[in-house]
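S.K.: Okay, handing you the structure first.
The values are calculated or read from the model by the stated rules, or taken from the named source; none is laboratory data. Note that the coordinates shown come from a computational prediction; the quantities given were computed from them, not determined experimentally. Don't worry about glycine lacking a Cβ; one is built from the backbone with ideal geometry, like all the others, and counts go over all protein chains shown. Heavy atoms of the whole protein, side chains included, go into the accessibility calculation; ligands, DNA and RNA do not. Shrake-Rupley method; radii C 1.70, N 1.55, O 1.52, S 1.80 Å.
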Amino acid sequence: MGVFACEFMQRALLVGFLGGVTCSVIGVLVIDMNLSFVGVSISHAAFAGGVIAYFMCINPLIGALVFSLIAAAAIGPMTDRGEFGLDTSLGIIFTVMIGLAFLFMGIMSETDRIKVLYLIWGSILTVTDFDLKTIIVAFVLVVGLITVFYKEIQAVIFNREIALSVGLPASWIFYGILFLIGITVAGNLQPIGGLLVSSLIIVPAAAAYQLTYNLKHLFLISAAFGVISCWLGLLLSYYFALPSGASIITLSCLIFLIANAFSPKRKVKRVKSLREGDNSFGNV
């Protein structure tokens, strides 16, 4: 256990806490607003940006941040002004970004191609000072803005049209949530991995939804699940030499399965279905 006295492990634990909270909190909004595929599309944009930045000898995190924000900025207007729905807009962005990522990987040398693969599964034990600062900025923005604009966000989640009709800038709040998703994905590219960070956004929040309907409780429970996944995944990756991102996501999925198995919502639905069955039988 003396490894916890090492600086790299202390930093990794801090990153696990910040990243777990950030991804899980934004995940509540993603699921509540049916934006699950948004996280997937933006994570692929971050991966493409990281690959292109590495090809151009730039810090991959800078490229990931730029491409994440570009994708987030494109999703809203494409949905609002285009003649197609959100799923079509996300499909276009997803296809373009994954195509760019593999295009640049294809023209890299074999050595560079192997090195850039770390962007897929991440490495929480090798986070640099710049990576840590980016994660801190993402944490402050996500937690701070959600706290300050909690009521406005709650109104937009309930019904975007009604929020707009009462004078709230619903479209700008929606765009702001997309921006926060982009910041979250880019900030956690290094520790979690570009193709796995979307899972850390969705799965802890989905597990929290098995236990409560209260929005505040959702944020707290989801954040707790995210931190637990990151810390336990970190320990597994260190002691068993496993990819950190894959370990974290696997544990978050295990937490979801446990929460789903013991969900009080399932019991309520089961009771309702039994009552409806009894009523229909009585009517017959």
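S.K.: Taking interchain pairs and intrachain pairs at least six residues apart, which have beta carbon atoms under 8 angstrom, with the first residue in the range 219-247 and farther than 18 Å from Val25 by Cβ and the second of a type in the set (Phe, Trp, Tyr) and buried (at least 18 other Cβ atoms within 10 Å of the Cβ)?
M.R.: Partner pairs satisfying both residue conditions: Pro243/Trp121; Ser244/Trp121; Gly245/Trp121; Ala246/Trp121.
S.K.: Restricting the first residue to the range 16-27 and requiring it to be under 11 Å from Trp231 (Cα atoms), which pairs with a second residue that is open to solvent by less than 10 Å² (accessible area, probe 1.4 Å) and not in a helix (DSSP H, G or I) meet a Cβ separation below 6 Å and a spacing of at least six or different chains?
M.R.: Qualifying pairs under 6 Å: Gly19/Asn188.
S.K.: Tally time: how many residues in the range 142-200 are in a helix (DSSP H, G or I), touching a helix residue (DSSP H, G or I) at 6+ places or on another chain (Cβ under 6 Å) and aliphatic (A, V, I, L, M)?
M.R.: Selection size over the range 142-200: 19.
S.K.: Just give me the residues in the range 184-211 being modelled with pLDDT of 90 or more and over 10 Å from the mean Cα position of the chain (by Cα), in sequence order.
M.R.: If the condition is that a residue be modelled with pLDDT of 90 or more and over 10 Å from the mean Cα position of the chain (by Cα), then Ala206, Ala207, Ala208, Tyr209, Gln210, Leu211 are the ones that fit.
S.K.: I'm trying to understand the selection: among the residues of the range 119-134, which are in contact (Cβ under 8 Å) with a residue 40 or more places away in the chain and either loosely packed, with under 15 Cβ neighbours inside 10 Å or not small (Gly, Ala, Ser) (or both)? I'd like the intermediate steps shown before the answer.
M.R.: Our first condition is that a residue be in contact (Cβ under 8 Å) with a residue 40 or more places away in the chain; within the range 119-134, this holds for 119-128, 130-132, 134.
Matches in the range 119-134: Leu119, Ile120, Trp121, Ile124, Leu125, Thr126, Val127, Thr128, Phe130, Asp131, Leu132, Thr134.
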